[in-house]
1. In sequence order, what are the phi-derived ³J(HN,Hα) couplings for the stretch 364-372 according to the Karplus relation 6.51 cos²θ - 1.76 cosθ + 1.60 with θ = phi - 60°, rounded to whole Hz, with x for glycine and proline?
2. Going by amide H atoms built from the backbone, whose H comes under 5 Å of the H on R80, apart from near neighbours?
3. First check a/c for the stretch 323-362, with a ≥ b ≥ c the square roots of the eigenvalues of its C-alpha gyration tensor; if it is under 1.5, answer rounded, and if not, answer prolate when a/b is larger than b/c or oblate otherwise.
4. Can you put L384, L93 in order, fewest other beta carbons within 10 Å first?
5. Taking H as built 1.01 Å from N, whose amide H comes closer than 5 Å to the amide H of T432, not counting residues under 5 places away?
6. Starting from the amide H of G378, placed 1.01 Å from N in the peptide plane, find each other amide H under 5 Å away whose residue is 5 or more places distant or on another chain.
7. What's the exposure ranking of V292, V48, V278, V96, going from fewest to most Cβ atoms within 10 Å?
8. Which whole number of Å³ per residue matches the convex hull of the alpha-carbon atoms in the stretch 223-344?
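Taken together, the values in this text are just the output of simple stated rules run on the coordinates, not laboratory data. The structure presented is a predicted model; accordingly, all values stated were derived computationally and were not measured. Every residue, glycine as well, gets a Cβ built from its backbone with ideal geometry; the counts of neighbours run over all protein chains shown.
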Amino acid sequence: MPEGAVALNSTSRWLLLQTSRATESQSRPRGESWYRHLIFALAYSVAVVASFSTVYSGLSIAVIWPSVGIAVWWAATCRRWSAYAVVCAVVALVPVLRWAAFENGSVPFLVLVGLSNLLEAPLIALAMGYFERVRLTAPVHDGATGQSGPGFAIRTAQHVYRLLTVGILAVALSKGVFLLALTQLGEPVTLSYYASVMLRDLASIIAIAGCGLTISAAVVRTMEKKALREFAGVLALTAVVLALVFGLGSQLPIVYLVMLPLYWSATKLPVILATVHVGLTLAATVALTFVVGEAPFAVSGDDPVVLATAVQLLIILCVLLTLVVSTTVQQQTALVEELEVLARTIPDAFLILDQRGTAYPVNAAAWDFVVPSGDEEGYILRRLVDLDGEPFDEKSGPGGRALHGESVKGALVRLADAADDAPAESRRVFMTSAAPLYLKGGGIPGECAAALP
């Protein structure tokens, strides 16, 4: 972010963030974005082979499928059609080549496998780009690389919900085509198997792509010592909870207690540390499940599909909890800081009035327009009169009108209780504006904001 830049509204906050990234990318070599795609392609190819090693029962029964999460993360970073075409080609062909090399599938089977992969990560990226109104552009050759930034990133809880919704729809369509491909091999297809592979891919998308896109878009990227100390503390607490779940209480269905430390990290820690915490928590939980036993899940290990489903649900719930809460806290914190900066920098008096008439000065200029309240602690607004010297009653003044739901703009008022030694102040006319403040879902405003320039 340029030095001294101040975000003045909810749009500029994220705009300045993207501007800083575009500025940084202009100093990078032109081909660096393609290096990033090359790294993603290699990671995806390795993950395709590694994903089959996570299968522990039957055909593709696994807790998580890393290649799907990496593919969604990769496709979501594309801002150019050429890069997107490369992603589609790699995502479709690499699994097909793996199946052809090790499974000896028929041509219709391989075609359907490739199609099922295209209907997953590339489709999710297109849908998310549409929702975010991101336009994929042709590559530029004049050295400008500012348009090669992420096409989609998770910055708010709404982004998390969109990824979840689009992921469910795309995965359902993709796995339907995949099951159709399995019929070409003569494999039995059941509804429980369909649900298992759906949850497997959805858990991969939420855990890998969701966490990756959240970390890449985090506002706070430098960690203070206080945050690192809290991170160490929450890791210690997580270790205690895991010892309780898989040790002392290994015969009790209490695995969801591992979610409790996640509330702490999601509300107290920066988004990056909170996301790393949920990843470490889930990695330890899954490992202990297969080493110690599945008793904390209250499921039988005799059915691998049931166990996989239980673990996948825990992964989805834990990651959604962390991403939704941490991004919401990040957004609210940024908004509060933004309003504080705005209040400190504007020269006008800015204050808040409630239904009882109590005034809350927001900036230094507002203290000139309040006086101590005689009945109780606090302050009240100094009496105002119109241009004819007539005082306002509780409902006719700018503040009273705003408290009854009316927006007031440019009302001309004077101070009625100007000091005797300030004759210029008593003659001065103030152009006052006021607006009601509504709580979400509320009808009658409980407070109003007023500005007196």
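1. 5, 5, 6, 5, 6, 10, 10, 9, x
2. T137
3. Values: a/c = 6.04, a/b = 1.70, b/c = 3.56.
Oblate shape, in that a/c is at least 1.5 and b/c is the bigger or equal ratio.
4. On the way: L384 21, L93 15.
Listing L384, L93 from fewest to most nearby Cβ atoms yields L93, L384.
5. Residues meeting the amide H criterion: G410, A411, L412, V413.
6. Amide H neighbours of G378, under 5 Å, 5+ apart: S373.
7. Working: V292 14, V48 24, V278 27, V96 19.
The fewest-first ordering by Cβ neighbours comes to V292, V96, V48, V278.
8. Values: hull volume 10.9 nm³, N = 122.
Dividing the Cα hull volume of the stretch 223-344 by its residues yields 89 Å³.
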